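Notes for the one structure printed next.
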Amino acid sequence: MELTIQTSSPYQILIRRGCLDQLGEQAGTLFRGGGRAMIITDSNVGPLYARRAADSLAKAGFVPDVFTFPAGEESKRLSTIERVYAAMAEQKMTRTDFIVALGGGVTGDMAGFAAATFLRGIGFIQIPTSLLAQIDSSVGGKTGVDLPQGKNLVGAFHQPRLVLIDPDTLATLPPRFFADGMAEAIKYGCIKSRPLFELIRDNDLSKEPKVLERMITECVDCKRRVVEDDEFDTGERMLLNFGHTLGHALEKHYAFSKLTHGEAVGIGMVKICRAGEALDLTKPGTAEEIAALLRQYRLPTEDDAPAESLAKAAAMDKKGMGGTLNLILLREIGHSFVHPIPKQELLPIIIKEKEEHA
Ligand code: NAD
């Protein structure tokens, strides 16, 4: 399956089992033959797939090199980027050379940021290997790193030249990260597509590769539509934050230790839907329908963190502008909208949601 995304610089997204081995051939249509390519990958993904990526590039006449960093969010920082720059400078890479991001969202965000800034910007190809990266972070051009003060505080919009999604790489992804990605897939169904929601509900995607490939395509298509409407995140793209206001607040409340991102977003989706139902803005029963699907993928749906702590953490979220917080609500599954509220109204909403549920 091939999708083209019409951003300021359009590019193709190829979703096909086994397409990792087509990297060289595909790169040959975009970059000068004989050029250098830096494959950036982490310590889990590199040993599994970097050789295949490098061989494919070499076969197509490129000169590949591999930069490997220790896996994990802790590596997503400027000091790693500095080491990437040094490796590329040592290889005397020029503006016509390119980067290949081979890994999960951490790799994609970092390699993309290195590509956005090295020599004021060079091309890069995304080869996402986690479910979250395949359906979300590899598409849309948001790149960046964390600071000690917070996640994703430094970054740039830099679109890849190509995204190669090989669902077969998910065979080696640990189950916990697979579930994490499923929470985001369920989110797309909630905000944009009831048929996608039902596809996830009516199949066991951890066991059905063909359906999984279809689901990835549908999710990427949802992301494509949202990004095309709002490349620089000033409006419609906010819909992708469904479940994230309370999800981020939960992650912060537990100092990023108790819940994974996907688990927190799942709970956030249920809570915000219950709030929407309490406000008569969301069709009754929506929250329970989402909770049932999350449970199907062994994701939690409840948490008893205090309302005051969640409201405080959410009010500090960088996505809130001034005194306003943009809540993403559903009218029903498949239809989402932005509901701006004054920040101080969040606490009574969370308390009401808790009371309704008690
Ligand atoms: P990750 O890159 O750390 O990958 C998760 C884990 O899975 C890692 O241990 C990784 O080594 C391993 N892994 C990945 N693919 C594998 C495979 N095929 N086989 C075996 N192991 C594999 O994290 P993630 O969950 O993919 O992404 C999270 C990051 O994405 C966060 O930093 C987040 O901020 C970012 N993100 C960015 C965007 C965006 O639009 N740019 C969107 C959402 C999330």
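Let me cross-check Val154: its accessible surface, 1.4 Å probe, with only protein heavy atoms counted, in Å² to the nearest 10?
40 Å²
What shape does the stretch 1-135 have by the C-alpha gyration tensor, where a ≥ b ≥ c are the square roots of the eigenvalues, rounded means a/c under 1.5, and otherwise prolate means a/b greater than b/c and oblate the rest?
The shape class here is rounded.
Suppose all protein chains stay in the model; what accessible area per residue would a 1.4 Å probe give for the stretch 1-92, in Å²? Let's see the in-between values first.
Values: 4610 Å² over 92 residues.
Accessible surface, normalised per residue, equals 50 Å².
For the stretch 57-201, rounded, prolate or oblate, judged on the Cα gyration tensor with a ≥ b ≥ c (square roots of eigenvalues), a/c < 1.5 rounded, else prolate if a/b > b/c? Walk me through the intermediate numbers first.
Numbers: a/c = 1.98, a/b = 1.60, b/c = 1.23.
Prolate, because a/c is 1.5 or more and a/b exceeds b/c.
Kindly report the accessible area of the stretch 175-357 per residue (heavy atoms of protein chains, probe 1.4 Å, no ligands, DNA or RNA), in Å². Display every interim value, and only then the final one.
Details: 7870 Å² over 183 residues.
Here the per-residue accessible area is 43 Å².
Taking the Cβ of Ile333 as the centre, find all other residues whose Cβ is under 13 Å away and add up their charges (Lys, Arg: +1; Asp, Glu: -1).
Details: positive: Lys187, Lys192, Arg194, Arg201, Lys283, Arg331; negative: Glu198, Glu277, Glu288, Glu289, Glu332.
Combined, the nearby Lys, Arg, Asp and Glu give +1.
Which residues' amide hydrogens lie under 5 Å from the amide hydrogen of Gly104, considering only partners 5 or more residues apart or on another chain, with H built in the peptide plane?
Thr129, Ser130
Give the percent of DSSP beta bridges with both residues in the chain that are antiparallel, rounded to the nearest 5. Show your work: numbers first, answer last.
Numbers: 18 of 42 bridges.
Percentage antiparallel, nearest 5: 45.
Quick one: among Ala255, Ala54, Ala278, which has the greatest mean-square fluctuation in a GNM of the chain with alpha-carbon springs under 10 angstrom?
Highest fluctuation of the listed residues: Ala255.
Taking 0.36 nm per intervening residue step and subtracting the Cα-Cα distance, what contour gain separates Lys283 from Arg298 on full extension?
Details: separation 15, 0.36 × 15 = 5.40 nm, distance 2.46 nm.
This chain segment gains 2.9 nm when fully extended.
Please give me the summed charge of the neighbours of His357: other residues whose Cβ is under 11 Å from its Cβ, Lys and Arg +1, Asp and Glu -1. The partial results should precede the final answer.
Details: positive: Lys271, Arg274, Lys352, Lys354; negative: Glu277, Glu288, Glu302, Asp304, Glu353, Glu355, Glu356.
Taking every other residue near His357 into account, the sum is -3.
Towards the positive end of the charge dipole of the chain, with charges on Cβ (+1 Lys, Arg; -1 Asp, Glu), say which of Ala275, Phe178, Thr143 has the farthest Cα.
The listed residue farthest towards the positive side: Thr143.
Which of rounded, prolate or oblate describes the chain when judged by the alpha-carbon gyration tensor and an a/c cut-off of 1.5?
Values: a/c = 2.07, a/b = 1.68, b/c = 1.23.
Judged from the Cα gyration tensor, the chain comes out prolate (a/c at least 1.5, a/b above b/c).
Quick one: compute a quarter of the convex hull surface over the Cα atoms of the stretch 175-357 and quote it in nm².
Working: hull surface 38.6 nm².
Across all orientations, the stretch 175-357 yields a mean hull projection of 9.6 nm².
Note down the accessible area of Thr172, probe 1.4 Å, to the nearest 10 Å².
That residue has around 70 Å² of solvent-accessible surface.
Using a Gaussian network model on the chain with a 10 Å cutoff between Cα atoms, which of Glu231, Glu289, Glu263 fluctuates the most?
Result: Glu289 has the largest fluctuation of those listed.
Can you pull the percent of the stretch 175-357's accessible area that's carbon plus sulfur, 1.4 Å probe, other chains left in place?
On the way: 4180 of 7870 Å².
Within the stretch 175-357, the accessible surface is 53 percent carbon and sulfur.
Using the Cα centre of the chain as the reference point, and only Cβ charges (+1 on K/R, -1 on D/E), how large is the resulting charge dipole? Debye, rounded to the nearest 20. Walk me through the intermediate numbers first.
Details: 42 positive and 47 negative charges, 162 e Å.
It works out to roughly 780 debye.
Taking a probe of 1.4 angstrom, what is the accessible area of Phe337 in Å², to the nearest 10?
Solvent-accessible area, nearest 10 Å²: 30 Å².
Please compute the net charge surrounding Thr4, taking Lys and Arg as +1 and Asp and Glu as -1 over other residues with Cβ under 14 Å from its Cβ.
Working: positive: Arg161, Lys223, Arg224, Arg225; negative: Glu2, Asp221, Glu228.
Result for the local shell: +1.
Just from its helices, what would the mean residue ellipticity at 222 nm be for the chain, if runs of 4 or more DSSP H residues each count -39500 (n - 2.57) and the sum is divided by every residue, rounded to the nearest 500 deg cm²/dmol?
Working: 12 runs with 149 residues, N = 358.
Roughly -13000 deg cm²/dmol at 222 nm, from the helical runs in the chain.
How many nm separate the modelled label positions at Glu332 and Asp229, each set 7 Å beyond the Cα in the direction of the Cβ?
Output for this residue pair reads 1.9 nm.
Stretch Ser257-Ala315 to full length: gain in nm at 0.36 nm per residue minus the Cα-Cα span? Please report the intermediate quantities before stating the final value.
Details: separation 58, 0.36 × 58 = 20.88 nm, distance 2.06 nm.
Answer, rounded to one decimal: 18.8 nm.
Could you calculate the contour length gain from Arg201 to Arg83, that is, 0.36 nm times the residue separation minus the distance between their Cα atoms, to one decimal place in nm? Don't skip to the end; give the middle numbers.
Details: separation 118, 0.36 × 118 = 42.48 nm, distance 4.36 nm.
Computed gain between Arg201 and Arg83 is 38.1 nm.
Would you mind checking which residues have amide H under 5 Å from Phe31's amide H? H placed 1.01 Å from N; only 5 or more apart, or other chain.
none
The values are calculated or read from the model by the stated rules, or taken from the named source; none is laboratory data. Quantities reported herein were computed from a predicted structural model and do not represent experimental measurements. Cβ atoms come from the backbone with ideal geometry, glycine included; neighbour counts cover every protein chain shown. When the accessible area is computed, the model is the full protein with side chains, heavy atoms only, and any ligands, DNA or RNA have been set aside. Shrake-Rupley method; radii C 1.70, N 1.55, O 1.52, S 1.80 Å.
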